[in-house]
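The values are calculated or read from the model by the stated rules, or taken from the named source; none is laboratory data. The structure displayed is predicted, hence computed values, not measured ones. All Cβ positions, glycine included, derive from the backbone under ideal geometry; neighbour counts span all protein chains shown.
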Amino acid sequence: MCFYVTSLSNDDGQQFPHSYFNTESVPERVRRMDPRVLLLLVVRDPVTRLISDYTQIMHNHVERGLAPKSFEELVFLNNATQEVNTRYDAVGKSMYDVHMRRWLKHFPVEQIHVVNGDRLIRKPWQELVRDSCRNVQFSNL
């Protein structure tokens, strides 16, 4: 269980780092830990997420004196055809459908609640109110 618990927010909930969503072995391990767990997933627009990840990585490269690569160089296999490089980590993390299918093999959709992180950032009170009935049902409050 310590493998998953990164911080205990209260007696009822555990928080996991976002990287757990796209780590292949995690859904099965979480199911073994508690098959009745309720999962809350906050997602962003995948392109916005990709650009944000790229920006952060390149900032870190520059800070360490490494030469930055262009966005196109990393994201596209061939700039002319714009074929997407799914092996680039930031692209892979933004492929929510691939990761969600993995989670759905281990948990029914009723145990996974997805929240729009872009709306949550812009107007958190509206996102919480908009989803309040679903949140109450989801958490059995």
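A few points about this structure:
- Test: residue in segment 74-81 that is on the phi > 0 side of the Ramachandran plot and free of Cβ contacts under 8 Å to residues at least 40 places away in the same chain: no
- Within segment 104-118, being in contact (Cβ under 8 Å) with a residue 40 or more places away in the chain and either surrounded by fewer than 16 Cβ atoms within 10 Å (Cβ to Cβ) or assigned to a loop (DSSP other than H, G, I, E, B) (or both) holds for K105, H106, F107, V114, N116, D118.
- Qualifying residue in segment 116-124 (condition: at pLDDT below 90 and touching a Ser or Thr at 6+ places or on another chain (Cβ under 8 Å)): yes
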